[in-house]
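This report concerns only the one structure given below.
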Amino acid sequence: MGFFFKESMSLTQRQIESFEQNGYLVLENFVSQEDCVKLRVRASEIVKYFDSSESVTIFTTNEQTRHSDRFFLESGDKIRCFFEEEALDENGDLKQPNEFSINKIGHAMHDLDPVFDSFSRTEELEAVAKDVGFKDPRILQSMYIFKQPKIGGEVGCHQDATFLYTEPISVKGFWFALEDASLENGCMWTIPGGHRNVLKSRFFRNKTGDGTEMEILDDSPWDKSKLVPLEVNAGTMVILHGLLPHMSYANRSKLTRHAYTMHLIEGNADYPEWNWLQRSPEMPLRGF
Ligand code: FE2
């Protein structure tokens, strides 16, 4: 099965400079509408066949935090579905059907699902990765984000390097709008040029390995007056620098806002064992 991109293989010098200047780059019509549909259909199949009983148990047990931490921490080399925080009512029942309750699928779709593997590993994307500075890009994680109608939660302002840390910092995000993203359904916002900030925090596994903590490196607040919305059409690709602050507000509309995202790191960068995302030795990171 082949995925075809409309853009030429390489970025222009102007696009590369724009990325370096702003910390992000918007590439419209990068993915065909047909391919957006293919990915949306595949994601709905994954949700349909996902056994949600385990996750419902997690959200309703007394030891919720410990169980949900483990469910999350073990997902680096698996395909798991995560509920929206507002998905369950006080009795532990889903307020909406399964397909409208999942927040995201993660985190190794690019390795384990043939459709997402095929979409994620193309010469075009490898060329873009090289153009934005990678020498030996490795795909670290992939996520399918639903941003569900009514209950799609806010994602607070953050830098991706907080969650996917390497030395030196090398993470970059490839984000694909699979549906139109607008102010109404919770589009992404960024602070142009904000990637020139220092890393403000690091998210890591605690010493026992069964929970997580946030280490604050710089507690100055983000200047939210500088945030600009990225209202984009389905098929748009956005490249995000790992230090770029970005966020999205809750989706209270009747529309979904589906997106697929993958994060790349440099092959020779040091990947600490305290990063939350760890994979089994049988599944080493691969590039394109
Ligand atoms: Fe992010």
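Of all residues in region 249-288, how many are among the β-branched types (Val, Ile, Thr), closer than 30 Å to GLU184 by Cα and either open to solvent by 10 Å² or more (accessible area, probe 1.4 Å) or touching a Leu at 6+ places or on another chain (Cβ under 6 Å) (or both)? Spell out the reasoning first.
As a first pass, look at region 249-288 and keep what is among the β-branched types (Val, Ile, Thr): 256, 261, 265.
Still in the running and closer than 30 Å to GLU184 by Cα: 256, 261.
Retained after the next criterion (residues that are either open to solvent by 10 Å² or more (accessible area, probe 1.4 Å) or touching a Leu at 6+ places or on another chain (Cβ under 6 Å) (or both)): 256.
Adding up the residues that qualify gives 1.
Residue-wise test of (1) basic (Lys, Arg); (2) under 30 Å from ARG70 (Cβ atoms); (3) in contact with a helix residue (DSSP H, G or I) (Cβ under 6 Å, 6 or more places away or on another chain).
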{"site": "GLU154", "(1), (2), (3)": "no, yes, no"}
{"site": "THR162", "(1), (2), (3)": "no, yes, no"}
{"site": "VAL171", "(1), (2), (3)": "no, yes, yes"}
{"site": "TRP175", "(1), (2), (3)": "no, yes, no"}
{"site": "GLU184", "(1), (2), (3)": "no, no, no"}
{"site": "PHE204", "(1), (2), (3)": "no, yes, no"}
{"site": "LEU217", "(1), (2), (3)": "no, yes, no"}
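Determine which member of the set GLY156, GLY186 is open to solvent by less than 10 Å² (accessible area, probe 1.4 Å), closer than 25 Å to PHE82 by Cα and among the small types (Gly, Ala, Ser).
On the way: GLY156 fails: open to solvent by less than 10 Å² (accessible area, probe 1.4 Å).
The match here is GLY186.
If you take the residues in region 99-117 that are surrounded by fewer than 16 Cβ atoms within 10 Å (Cβ to Cβ) and in contact (Cβ under 8 Å) with a residue 40 or more places away in the chain, which one is nearest to GLN278 (Cα to Cα)?
So in region 99-117, the residues surrounded by fewer than 16 Cβ atoms within 10 Å (Cβ to Cβ) come out as 99, 112, 114.
Subset that is in contact (Cβ under 8 Å) with a residue 40 or more places away in the chain: 99, 114.
Values: GLU99: 28, PRO114: 21 Å.
The extreme case among them is PRO114.
For the structure I just gave you, tell me whether SER142 is within 16 Å of the ligand (Cβ to nearest atom), more than 26 Å from ASP223 (Cβ to Cβ) and among the small types (Gly, Ala, Ser). Talk me through it step by step, then tell me what you get.
Details: within 16 Å of the ligand (Cβ to nearest atom): yes; more than 26 Å from ASP223 (Cβ to Cβ): yes; among the small types (Gly, Ala, Ser): yes.
So SER142 passes the test.
I'd like the residue in region 148-164 that is within 13 Å of the ligand (Cβ to nearest atom) and in a loop (DSSP other than H, G, I, E, B) and, out of all such residues, is nearest to LEU285 (Cα to Cα). Lay out the reasoning, then the answer.
To start, the set of residues in region 148-164 that are within 13 Å of the ligand (Cβ to nearest atom) comprises 154-164.
Keeping just the survivors that are in a loop (DSSP other than H, G, I, E, B) gives 154, 159, 163-164.
Numbers: GLU154: 30, GLN159: 22, PHE163: 17, LEU164: 14 Å.
Filtering region 148-164 for residues that are within 13 Å of the ligand (Cβ to nearest atom) and in a loop (DSSP other than H, G, I, E, B), the one nearest to LEU285 (Cα to Cα) comes out as LEU164.
So, in region 57-77, of the ones that are open to solvent by 70 Å² or more (accessible area, probe 1.4 Å) and not in a helix (DSSP H, G or I), which residue ends up modelled with the lowest pLDDT?
The residue in question is ASN62.
In the list SER142, SER170, which residue meets the criterion of being among the polar types (S, T, N, Q), open to solvent by less than 30 Å² (accessible area, probe 1.4 Å) and part of a loop (DSSP other than H, G, I, E, B)? Give the steps one after another, and end with the answer.
Working: SER142 fails: part of a loop (DSSP other than H, G, I, E, B).
Exactly one of SER142, SER170 is among the polar types (S, T, N, Q), open to solvent by less than 30 Å² (accessible area, probe 1.4 Å) and part of a loop (DSSP other than H, G, I, E, B), namely SER170.
Could you list all residues from region 6-41 that are open to solvent by 20 Å² or more (accessible area, probe 1.4 Å) and either assigned to a strand (DSSP E or B) or of a type in the set (Lys, Arg) (or both)?
LYS6, ARG14, TYR24, VAL26, LYS38, ARG40
Is region 250-263 home to any residue that is more than 16 Å from the ligand (Cβ to nearest atom) and aromatic (Phe, Trp, Tyr)?
No; the residues of region 250-263 include none that is more than 16 Å from the ligand (Cβ to nearest atom) and aromatic (Phe, Trp, Tyr).
If we keep just the residues of region 165-183 that are more than 14 Å from the ligand (Cβ to nearest atom) and within 19 Å of HIS107 (Cβ to Cβ), which is nearest to the chain's Cα centre (by Cα)?
For region 165-183, the residue satisfying everything is LEU178.
The values are calculated or read from the model by the stated rules, or taken from the named source; none is laboratory data. Owing to the predicted nature of the structure, the values given are computational and were not obtained by experimental measurement. FYI the Cβ positions are ideal-geometry reconstructions off the backbone, even for glycines, and counts take in every protein chain you see. Heads up: the accessible areas ignore ligands, DNA and RNA and are worked out on the full protein's heavy atoms, side chains in. Shrake-Rupley method; radii C 1.70, N 1.55, O 1.52, S 1.80 Å.
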